[in-house]
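Asker: Encoded as structure tokens, here's the structure I'll be asking about.
The values are calculated or read from the model by the stated rules, or taken from the named source; none is laboratory data. The shown structure was predicted, so the numbers you read here are calculated from the model rather than taken from an experiment. Positions of Cβ are generated from backbone atoms using ideal geometry, with glycine treated the same way; all protein chains shown enter the neighbour counts. Surface accessibility is based on the protein's heavy atoms, side chains included, excluding ligands, DNA and RNA. Shrake-Rupley method; radii C 1.70, N 1.55, O 1.52, S 1.80 Å.
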Amino acid sequence: DEVKLEELRKIYPETLFKQEYLAEFVDEAGTVFRNLEVFPYRPQEGMRNSYYVMGVDLGKMDDYTVITVIDRDTHQIVHWDRFKGIDYPLQKLHIKAKAFNYNNARVIIDATGVGRPIYEDLRQDGVWVEDFTFSGKTKQELIGRLIVEVNEKYVKVPDIPDLASE
């Protein structure tokens, strides 16, 4: 359907759209982030008059849990945390403490699978938390948007080797 195709064209970066939806061979397709600028990472504590958003990707015992805190005004990552082997009750406490340290940051948590009860517990504990459920479609949309925002220099990427590999 032509209307749906035009809607998708608006969502995805041109290179990704051509490759995925028009089945065109694109030379630079392997280069997802063309204008990636990396800046020195300087973790910052929460500032009284600043607002933050915190993304949480929960990992199981063998996978990493990743917490990223972004300053909503500067769009810079001010805190990045990655760990594994910590049980969920301790992870919840860590997430809650981190959110409160960043002025009751808005927390967006992966509520796919085991994340659902953790989301509900955090919400009951007074954390400003929103759930996000991953699917093939939502993941593709997020990646497309990230590509655009990094290439347009809206999102600033800190020099964290583990983050780059993620």
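Asker: Which residues, counting only those in the stretch 69-87, are surrounded by fewer than 17 Cβ atoms within 10 Å (Cβ to Cβ) and free of Cβ contacts under 8 Å to residues at least 40 places away in the same chain?
Answerer: Of everything in the stretch 69-87, those that are surrounded by fewer than 17 Cβ atoms within 10 Å (Cβ to Cβ) and free of Cβ contacts under 8 Å to residues at least 40 places away in the same chain turn out to be Arg72, Asp73, Asp81, Phe83, Lys84, Gly85, Ile86, Asp87.
Asker: Okay, next question. So which residues in the stretch 135-166 are outside any helix (DSSP H, G or I), at pLDDT 80 or above and open to solvent by 80 Å² or more (accessible area, probe 1.4 Å)? Steps first, please.
Answerer: Residues of the stretch 135-166 that are outside any helix (DSSP H, G or I), as a first pass: 135, 152-160, 166.
Checking which are at pLDDT 80 or above leaves us with 158-160.
The answer is Asp159, and nothing else.
Asker: Okay, next question. Identify, please: which residue in the stretch 93-117 is within 26 Å of Gln44 (Cβ to Cβ) and aliphatic (A, V, I, L, M) and is, among those, most open to solvent (accessible area, probe 1.4 Å)?
Answerer: Checking each candidate, the answer is Leu93.
Asker: What number goes with the only condition from (1) surrounded by fewer than 18 Cβ atoms within 10 Å (Cβ to Cβ); (2) more than 27 Å from Glu37 (Cβ to Cβ); (3) hydrophobic (A, V, I, L, M, F, W, C) that Val127 does not pass?
Answerer: Checking Val127 against (1) surrounded by fewer than 18 Cβ atoms within 10 Å (Cβ to Cβ); (2) more than 27 Å from Glu37 (Cβ to Cβ); (3) hydrophobic (A, V, I, L, M, F, W, C), the one that fails is (1).
Asker: All but one of (1) open to solvent by 50 Å² or more (accessible area, probe 1.4 Å); (2) touching an Asp or Glu at 6+ places or on another chain (Cβ under 9 Å); (3) farther than 22 Å from Arg48 by Cα; (4) not polar (S, T, N, Q) hold for Leu90, so report the exception by its number.
Answerer: Of everything listed in (1) open to solvent by 50 Å² or more (accessible area, probe 1.4 Å); (2) touching an Asp or Glu at 6+ places or on another chain (Cβ under 9 Å); (3) farther than 22 Å from Arg48 by Cα; (4) not polar (S, T, N, Q), Leu90 misses just condition (2).
Asker: What's the total number of residues in the stretch 112-134 that are aromatic (Phe, Trp, Tyr) and assigned to a helix (DSSP H, G or I)?
Answerer: Going residue by residue through the stretch 112-134, those that are aromatic (Phe, Trp, Tyr) are 119, 128, 132, 134.
With assigned to a helix (DSSP H, G or I) added as a condition, the list becomes 119.
Matching residues across the stretch 112-134 total 1.
Asker: Of all the residues that make up the stretch 49-63, how many are among the hydroxyl-bearing types (Ser, Thr, Tyr) and touching a residue at least 60 places away in the same chain (Cβ under 8 Å)?
Answerer: Qualifying residue count, the stretch 49-63: 0.
Asker: Still on this structure, please answer the following. For the subset of the stretch 42-67 comprising residues that are open to solvent by 30 Å² or more (accessible area, probe 1.4 Å) and polar (S, T, N, Q), which member is nearest to Thr112 (Cα to Cα)?
Answerer: So, considering only residues that are open to solvent by 30 Å² or more (accessible area, probe 1.4 Å) and polar (S, T, N, Q), the one nearest to Thr112 (Cα to Cα) is Gln44.
Asker: Does Glu45 qualify as being part of a loop (DSSP other than H, G, I, E, B), at pLDDT 85 or above and more than 19 Å from the chain's Cα centre (by Cα)?
Answerer: When the stated conditions are applied, Glu45 passes them.
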